[in-house]
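Comments concern the structure below.
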Amino acid sequence: MTHVLVAYGTSRGGTQGLAELIGDDLRRRGHDPVVRPAAEVADLTDVDAVIVAGALYAGRWHKDARRLVKRQADRLSTLPVWLVATGPLDGTAETKQIPPVAHIKDAAATIGARGVQTFGGRLEPDAKGFPASTMAKTLSGDWRDAEHVARWVDEVDSELRSASPR
Ligand SMILES: Cc1cc2nc3c(=O)[nH]c(=O)nc-3n(C[C@H](O)[C@H](O)[C@H](O)COP(=O)(O)O)c2cc1C
């Protein structure tokens with residue numbers, strides 16, 4: 001059984017929901033996922049693989065995701081790791097492979113991540129704060145696509161099954 005940590009950095013809860021979807025899919029495929037806020041992850045001793053998911057804000061990956069990769073870089077570079085961004089408030093993440101923002105690309109290179117993936121995001125109509133509340137007037141919606149996530153988790157699952165320890 002593979003112990004997979006799914007860590008998330010979120011400001012408005014959408015990425016937590018995405019991380020839980022990933023966790024549910026991994027569990028259905030026979031893995032043992034733990035879904036936790038990235039800011040609370042202090043120890044990766046008993047973990048076999050890691051997925052770090054973070055929201056995109058103004059072209060930047062959520063700070064909790066960024067900081068987790070930075071402080072655990074040595075350990076993460078010995079594990080199979082996938083970096084996930086959630087963001088676009090339209091269908092583009094589903095229809096094309098969105099290139100990662102620069103610092104996700106750099107983080108992936110630093111730790112030798114197995115993959116990077118962008119999924120659609122969510123903005124609730126009553127989002128608080130500026131500029132989120134203004135954006136929500138025209139852009140609110142939920143673009144996290146469960147089937148897209150399940151297809152991607154299938155790929156992760158295949159790699160985990162064939163993965164030899166790095
Ligand atoms: C102020 C603001 C800036 C955003 N900037 C980006 C962005 O640069 N790229 C992107 O793809 N999505 C962007 N989004 C969409 C968010 O990434 C999306 O709403 C995401 O699901 C939020 O995650 P959270 O609910 O976990 O905080 C932005 C949303 C807001 C409110």
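The values are calculated or read from the model by the stated rules, or taken from the named source; none is laboratory data. From a predicted model like this one, the values you see are computed outputs, not experimental measurements. Cβ coordinates were reconstructed from backbone atoms using ideal geometry, including for glycine residues, and neighbour counts include every protein chain displayed. Please note that ligands, DNA and RNA were not included when accessible areas were found on the heavy atoms of the full protein model with its side chains. Shrake-Rupley method; radii C 1.70, N 1.55, O 1.52, S 1.80 Å.
Taking the range 1-28 as the range and being assigned to a loop (DSSP other than H, G, I, E, B) and either within 16 Å of the ligand (Cβ to nearest atom) or open to solvent by 50 Å² or more (accessible area, probe 1.4 Å) (or both) as the test, the residues that pass are Met1, Thr10, Ser11, Arg12, Gly13. Within the range 46-60, the set of residues being farther than 17 Å from Asp157 by Cβ, more than 10 Å from the chain's Cα centre (by Cα) and not charged (D, E, K, R) comprises Leu56, Tyr57, Ala58, Gly59. One residue alone among Thr110, Thr78 is touching a Ser or Thr at 6+ places or on another chain (Cβ under 9 Å) and either modelled with pLDDT of 95 or more or away from the ligand (no atom under 16 Å from the Cβ) (or both), and that residue is Thr110. Just one of the listed residues (Lys128, Lys137) is within 12 Å of the ligand (Cβ to nearest atom), open to solvent by 20 Å² or more (accessible area, probe 1.4 Å) and either assigned to a helix (DSSP H, G or I) or more than 21 Å from Arg12 (Cβ to Cβ) (or both), namely Lys137. Contact map, the range 1-19: residues that are of a type in the set (Lys, Arg) and at pLDDT 95 or above paired with residues that are crowded, with 24+ Cβ neighbours inside 10 Å and in a strand (DSSP E or B), Cβ distance under 9 Å, separation 6+ or inter-chain. Pairs shown: Arg12/Ala55.
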